[in-house]
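The values are calculated or read from the model by the stated rules, or taken from the named source; none is laboratory data. Small disclaimer: the values here were computed from a predicted structure and weren't measured. Reconstructed Cβ throughout: ideal geometry from the backbone, glycine too, with neighbour counts over all protein chains shown. For accessibility, only protein heavy atoms count, side chains too; no ligands or nucleic acids. Shrake-Rupley method; radii C 1.70, N 1.55, O 1.52, S 1.80 Å.
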Amino acid sequence: MGQEYYYMDGKYVPSNEAMIPVRTHAFLYGTSVFEGIRGYYNKEEDQIYAFRMKEHFERLLNSCKIMHMDPKHTVEEYMQITKDLLKKNNYREDCYVRPEVYKNALKIGPSLLDNPDSVLIFTIKLGNYFGGEKMLNICVSNWARLEDNTIPPRAKVSGAYANTALMITDAKLAGFDDCISLSASGHVAEGSAMNFFIVEGDTLVTTQTTSNILVGVTRNTILEIAKEELGMKVCEREIDRTELYTADEAFFCGTGAQVAPIGSIDHRTIGTGKVGEKTAAISKLYFDIVRGKNEKYKKWCTPIYE
């Protein structure tokens, strides 16, 4: 494998030289915001397509607004930097892009004021987040999802992932693959670090954007394609915990998770316990789209090699 590069404040730096000081504010206090972007390799075209890169960087800039951060670049500049970085790293397989804007002051104290910002973007090779096409066995976490007026889930803040870490760790220690988080009011929010859907009859249901979720790019993609291409009814509303147990199908979705079918929740089998018909149709369509195999949606796929 050749030398990999990271982008750091205007420079493309060899990965083994990409360092930050141990007193960096973001390391001490979790004061950074980030995105995760998938690059999908299309072997027939010898092309990597970055999926919905524009929407991811738009969300990054919104996270910066919430967290008193200067993103340093426009959406278009971020997209060009990312293309240049992926070209330098020259992958011929699926990959992941992690842009991060972080507070770089070397000082004690959590304030975001008088605290400059830096930009880091790194890339890695990445396959399936859940390690294959297995049906997930999940639980409802006893850790509540952070609320909008604590650390807002609408912003993708690194420090907020301590909440996620507690959820996923306790779920795995209890023998589950992952978990669902509830809001303080007891309604479904999302997975540990991904959005969540259930199927009820011919209707695809997910939580509202005001349900203390990160408003996912993949979530929005699935809502659109399920309605427009598969003719499904789609509904965004509050979901009660007990609805989880009676759903016909359920799945997680996200940049990392992609479309991940769920076989059981709290030891209750969902549907037949196997991939549901509608989940399978959504998954097939989604993976064709992200690899640039669906001309109608190629507008969402940014080619890296030209």
Calc'd 3J(HN,Hα), the stretch 259-276, phi into Karplus 6.51 cos²θ - 1.76 cosθ + 1.60 (θ = phi - 60°), Hz, glycine/Pro = x, comes to 10, 10, x, 10, x, 8, 10, 6, 6, 10, 5, 9, x, 8, x, 10, 4, x
Given a 1.4 angstrom probe, what's the average accessible area per residue across the chain, in square angstrom? 45 Å²
Net length gained if the chain between residue 228 and residue 134 were fully extended (0.36 nm per residue, minus Cα distance): 31.1 nm
Of all the accessible heavy-atom surface of the stretch 227-286, with the other protein chains kept in place and a 1.4 Å probe, what percent is carbon and sulfur? 46 percent
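State the extension gain, in nm to one decimal, for the chain segment bounded by residue 3 and residue 46, taking 0.36 nm per residue of separation less the distance between their alpha-carbons.
Values: separation 43, 0.36 × 43 = 15.48 nm, distance 2.05 nm.
Contour length minus the Cα-Cα distance gives 13.4 nm.
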Expressed as a percent, the accessible surface of the stretch 18-169 that is carbon or sulfur, using a 1.4 Å probe and the full set of protein chains, is 57 percent
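Please report the net charge: other residues with Cβ closer than 10 Å to the Cβ of residue 72, K and R +1, D and E -1. Each step should come with its number before you reach the end.
On the way: positive: none; negative: 9, 70, 77, 117.
Around residue 72, the surrounding residues sum to -4.
Assuming 0.36 nm per residue, please report the length gained on full extension of the stretch residue 62 to residue 107 beyond their Cα-Cα distance.
Numbers: separation 45, 0.36 × 45 = 16.20 nm, distance 2.55 nm.
Roughly 13.6 nm would be gained on extension.
Kindly provide the Kirkwood hydrodynamic radius of the stretch 235-304 in Å, to one decimal, from all pairs of distinct alpha carbon atoms.
On the way: mean 1/r = 0.0725 Å⁻¹.
Taking the inverse mean of 1/r over all distinct Cα pairs, the stretch 235-304 comes out at 13.8 Å.
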From the phi of every residue in the stretch 218-235, what ³J(HN,Hα) in whole Hz does the Karplus formula 6.51 cos²θ - 1.76 cosθ + 1.60 yield, where θ is phi - 60° and glycine or proline is x? 5, 3, 5, 4, 5, 4, 6, 6, 5, 6, 7, 9, 9, x, 7, 6, 10, 9
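Order 9, 117, most accessible first, counting only protein heavy atoms with a 1.4 angstrom probe. Display every interim value, and only then the final one.
Values: 9 85, 117 15 Å².
If we order 9, 117 from most to least accessible, we get 9, 117.
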The chain - charge dipole about Cα centre, Lys and Arg +1 at Cβ, Asp and Glu -1, debye rounded to 20: 460 debye
Amide H partners (placed H, <5 Å) of residue 13, local residues excluded: 6, 7, 8
Farthest toward positive dipole pole in the stretch 1-157 [+1 Lys/Arg, -1 Asp/Glu at C-beta], among 91, 152, 37: 152
May I ask for the angle, rounded to the nearest 10°, between helix 277-290 and the longest principal axis of the chain, with both axes built from Cα atoms and the value confined to 0 to 90°? 20 degrees
Those residues of the stretch 202-223 whose amide nitrogen sits under 15 Å from the label point placed on residue 243, 7 Å along Cα→Cβ: 202-213
Using alpha carbons only, how many degrees (0 to 90, rounded to 10) separate the axis of helix 75-89 from the longest principal axis of the chain? 80 degrees
